[in-house]
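Q: Handing you this structure, nothing more for now.
The values are calculated or read from the model by the stated rules, or taken from the named source; none is laboratory data. Since this is a predicted model, take the numbers as computed values, not measurements. Methodologically, a virtual Cβ is constructed for each residue, glycine included, from the backbone with ideal geometry; neighbour enumeration extends over all protein chains shown. Just so you know, the surface numbers come from the protein's heavy atoms only, side chains and all, with ligands and any DNA or RNA stripped out. Shrake-Rupley method; radii C 1.70, N 1.55, O 1.52, S 1.80 Å.
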Amino acid sequence: MDMALEVAVAAIKIFIVVNVVQLVVAYMIYVERKVIAHAQLRLGPMRVGWHGLLQPIADGLKLFLKEDIVPDKADRIVFVLAPVMVLVPALVVYAVLPFSATFYITQINIGLFFVLAISSLGVFGVVMAGWASNSKYSLLGALRSAAQMLSYEIFLGFSVIGPLMLAGSLNLQEIVHAQRDVWFVFYQPVAFIVFFVAALAETNRAPFDLPEAETELVAGFHTEYSGMKFAFFFLAEYASMMVISTIGIVLFFGGWEGPDFIPLPGFVWYCLKLGAFMFVFIWLRATLPRYRYDQLMRVGWKFMFPLVMLNIFLTGFLKYLFL
Amino acid sequence: MASSLFFYFLAVVTTVGAIAVVAFPSPLYSVLALILTFLGLAGLYLSLHAQFVAIVQVIIYASAIMMLFLFVVMLINLGREEKRELRLPGQKLLGAIAGLAVFSMLLKVFLSTSLMTGKKGSFPPERVSELGNTQIIGNLLLTDYVLPFQAMGVLLFVGIVGAVVLARRRSR
């Protein structure tokens, strides 16, 4: 009986989270269009609803009703499977994210590791999409994306070790509790910078959006996709942006906790921090030009990798001396 | 009851994946099936309360190594595998004999150890969840098993240096 109840509660929570994530993603795209438009002295979407507020719903409907084209020479099974392979890991990760002190789907002892492992599976979908489309732009985009995500996954993994050593736990809740007094970003500024750059590269965001560099590769790995399948890629990209932002918030900015003198509920703090993170993501896209491919690899392996190793070493050394 | 159902589900996924790796004619499908097998294995580790090992299985095998496989398959653009005559006379028979020999050895080991009786080792699930999986592995790796751990590090380092040397020589 107890187990049935537990399953039911979990199912309801999952239902809420998945649907809210989809709604938030839809509006995140709206916000992105608006912010970039204003950064470029345009107005952005204005027609549907007040200041285009209903635009995401119109877009969603459009994508839903659009014709779904599978190219003639494409590998049908892999082509259909690819968007699913991208979206499922991006959503599964939400199972362990703490949204507030009390609202989370589950908490496990290896939460942080779980997030890194599952989100690294998303790249398969990208590669499968590129291969199955049977188009050179798609394939090149997919290969780039594979090399990029493999490289930057390493820096992402190493950059979280610093805060991890300070918290002494892989459990996301406990990492947040360890930051009651001081956020880890003040102890680990280098780790945070590396983490943020790696996060940009992992989510294929500007200035590292090489896999879908529109000036050279049309639209990269999802060139041949249309309709709902295309929407899946979009959904996955924004969902994993929110995941990586949440991990950043949990590791470096004290999760759902805020300063004591401003009494706001934990969930509100979380949303504020998430909003700030997402805004920086969009802001960077509006501001920075795209990296060249060799620059991307050079910065990663020759600069960020030694830096993050040094950070781990120094953290261990200082922890041994002072704590 | 739920855990044994879970086990059978994962066992089927792992085995079917493994068979599919060999059976698919297209190398890309084989790679995808191998990913499925590795994920099934990770699930099995998880059901044995070896959470850390499960996650490492996903990160290293299912994602990093398989990504490399996929990369190679896509870069050299392999088509479907061609049906070819077997090289040696009686190759199938010899293969079957070798396979049976290995299987009987494995069976003997399996029957002669405590795997069948279910005798517990020094880290049964209750103790693992009490101590924390990652902590146990970390402590063991840096105390009892520090020499193999370091030796592995040296081995990997040699591998990396070798790869760099080979890649350099060709570009000149």
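Q: Quick one: which residue in A:Phe15, A:Phe103, A:Phe99 is aromatic (Phe, Trp, Tyr), at negative phi and part of a helix (DSSP H, G or I)? Explain how you work it out, then say what you get.
A: Values: A:Phe103 fails: part of a helix (DSSP H, G or I); A:Phe99 fails: part of a helix (DSSP H, G or I).
Residue meeting the stated conditions: A:Phe15.
Here's the yes/no breakdown for (1) farther than 24 Å from A:Leu97 by Cα; (2) among the hydroxyl-bearing types (Ser, Thr, Tyr); (3) open to solvent by 70 Å² or more (accessible area, probe 1.4 Å); (4) modelled with pLDDT of 80 or more:
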{"site": "A:Gly258", "(1), (2), (3), (4)": "no, no, no, no"}
{"site": "A:Gly266", "(1), (2), (3), (4)": "no, no, no, no"}
{"site": "A:Ile282", "(1), (2), (3), (4)": "no, no, no, yes"}
{"site": "A:Arg285", "(1), (2), (3), (4)": "yes, no, yes, yes"}
{"site": "A:Leu296", "(1), (2), (3), (4)": "yes, no, no, yes"}
{"site": "A:Val299", "(1), (2), (3), (4)": "yes, no, no, yes"}
{"site": "A:Phe303", "(1), (2), (3), (4)": "yes, no, yes, yes"}
{"site": "A:Leu321", "(1), (2), (3), (4)": "yes, no, yes, yes"}
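Q: Sort through A:Leu112, A:Leu87 and tell me the only one that's more than 11 Å from chain B (Cβ to nearest Cβ), open to solvent by less than 20 Å² (accessible area, probe 1.4 Å) and in contact (Cβ under 8 Å) with a residue 60 or more places away in the chain.
A: On inspection, the qualifying residue turns out to be A:Leu87.
Q: Mind checking which residues of segment A:156-178 are within 18 Å of A:Phe305 (Cβ to Cβ), of a type in the set (Gly, Ala, Ser) and open to solvent by 10 Å² or more (accessible area, probe 1.4 Å)?
A: A:Gly157
Q: Report every pair of residues separated by at least 6 positions or lying on different chains whose Cβ atoms are under 6 Å apart, first residue within segment B:51-63 and aromatic (Phe, Trp, Tyr), second in a helix (DSSP H, G or I).
A: Note: pairs meeting the criteria are B:Phe52/B:Asn133; B:Phe52/B:Thr134; B:Phe52/B:Ile137; B:Tyr61/B:Phe38.
Q: Please work out which one of (1) over 14 Å from A:Thr246 (Cβ atoms); (2) among the hydroxyl-bearing types (Ser, Thr, Tyr); (3) open to solvent by 10 Å² or more (accessible area, probe 1.4 Å) is the condition A:Ser120 fails and give its number.
A: Going through (1) over 14 Å from A:Thr246 (Cβ atoms); (2) among the hydroxyl-bearing types (Ser, Thr, Tyr); (3) open to solvent by 10 Å² or more (accessible area, probe 1.4 Å) one by one, A:Ser120 breaks only (3).
Q: Mind listing just one residue for me: the one in segment A:2-56 that is surrounded by fewer than 16 Cβ atoms within 10 Å (Cβ to Cβ) and either within 14 Å of another protein chain (Cβ to nearest Cβ) or of a type in the set (Lys, Arg) (or both) and, of those, nearest to A:Ser100 (Cα to Cα)?
A: A:Ala10
Q: Next question. Restricting to segment B:64-73, name every residue that is at the interface with chain A (Cβ under 9 Å from one of its Cβ atoms), open to solvent by 10 Å² or more (accessible area, probe 1.4 Å) and of a type in the set (A, V, I, L, M). Step through it out loud before you land on a result.
A: Just the residues of segment B:64-73 that are at the interface with chain A (Cβ under 9 Å from one of its Cβ atoms), to begin with: B:64, B:66-68, B:70-71, B:73.
Still in the list and also open to solvent by 10 Å² or more (accessible area, probe 1.4 Å): B:64, B:68, B:71, B:73.
If the condition is that a residue be at the interface with chain A (Cβ under 9 Å from one of its Cβ atoms), open to solvent by 10 Å² or more (accessible area, probe 1.4 Å) and of a type in the set (A, V, I, L, M), then B:Ala64, B:Leu68, B:Val73 are the ones that fit.
Q: Now for a different question. Pick from segment A:123-140 the residues that are surrounded by fewer than 24 Cβ atoms within 10 Å (Cβ to Cβ) and more than 9 Å from chain B (Cβ to nearest Cβ): which of them is nearest to the chain's Cα centre (by Cα)?
A: A:Leu140
Each row is one residue, and each column tells you yes or no for (1) closer than 30 Å to A:Asn134 by Cα; (2) open to solvent by less than 40 Å² (accessible area, probe 1.4 Å); (3) outside the structural domain of B:Gln135 (by TED's automatic domain parsing).
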position	(1), (2), (3)
B:Val13	yes, yes, yes
B:Ala18	yes, no, yes
B:Phe24	yes, no, yes
B:Leu28	yes, yes, yes
B:Ala33	yes, yes, yes
B:Leu44	no, yes, yes
B:Leu48	no, no, yes
B:Val56	no, no, yes
B:Ala62	yes, yes, yes
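Q: Please determine, by comparing only the residues of segment B:1-11 that are open to solvent by 50 Å² or more (accessible area, probe 1.4 Å) and more than 14 Å from chain A (Cβ to nearest Cβ), which one is nearest to B:Ser47 (Cα to Cα). If you could, list the steps in order and put the result at the bottom.
A: Restricting attention to segment B:1-11, the residues satisfying the condition of being open to solvent by 50 Å² or more (accessible area, probe 1.4 Å) are B:1-3, B:5-9.
With more than 14 Å from chain A (Cβ to nearest Cβ) added as a condition, the list becomes B:7-9.
Values: B:Phe7: 7, B:Tyr8: 11, B:Phe9: 11 Å.
Filtering first and then ranking leaves B:Phe7.
Q: Could you list, ordered by first residue, the pairs with Cβ atoms under 7 Å in which the first is in segment A:253-266 and of a type in the set (A, V, I, L, M) and the second is in a loop (DSSP other than H, G, I, E, B), at least 6 apart or interchain?
A: These pairs meet every condition: A:Leu264/A:Gly258.
Q: Something else about it: Please state which of the following conditions A:Leu235 fails to meet, knowing it meets all the rest: (1) in contact with a helix residue (DSSP H, G or I) (Cβ under 8 Å, 6 or more places away or on another chain); (2) free of Cβ contacts under 8 Å to residues at least 60 places away in the same chain; (3) part of a helix (DSSP H, G or I).
A: Only one criterion in (1) in contact with a helix residue (DSSP H, G or I) (Cβ under 8 Å, 6 or more places away or on another chain); (2) free of Cβ contacts under 8 Å to residues at least 60 places away in the same chain; (3) part of a helix (DSSP H, G or I) is unmet by A:Leu235, namely (2).
Q: Quick check on segment A:130-144. Is at least one of its residues under 30 Å from A:Ala10 (Cβ atoms) and in contact (Cβ under 8 Å) with a residue 60 or more places away in the chain? Spell out how you get there, then give the answer.
A: The first filter runs over segment A:130-144 and keeps only residues under 30 Å from A:Ala10 (Cβ atoms), leaving none.
No, because not a single residue in segment A:130-144 is under 30 Å from A:Ala10 (Cβ atoms) and in contact (Cβ under 8 Å) with a residue 60 or more places away in the chain.
Q: Please tell me if A:Leu274 is surrounded by 15 or more Cβ atoms within 10 Å (Cβ to Cβ) and more than 30 Å from A:Val70 (Cα to Cα).
A: Values: surrounded by 15 or more Cβ atoms within 10 Å (Cβ to Cβ): yes; more than 30 Å from A:Val70 (Cα to Cα): yes.
Yes, satisfied.
Q: What are the residue pairs meeting all of these: first residue in segment B:27-45, first residue away from chain A (no Cβ under 12 Å), second residue among the hydroxyl-bearing types (Ser, Thr, Tyr) and surrounded by fewer than 22 Cβ atoms within 10 Å (Cβ to Cβ), Cβ atoms under 6 Å, and 6 or more apart or on different chains?
A: Partner pairs satisfying both residue conditions: B:Thr37/B:Thr14; B:Gly40/B:Thr14; B:Leu41/B:Thr14.
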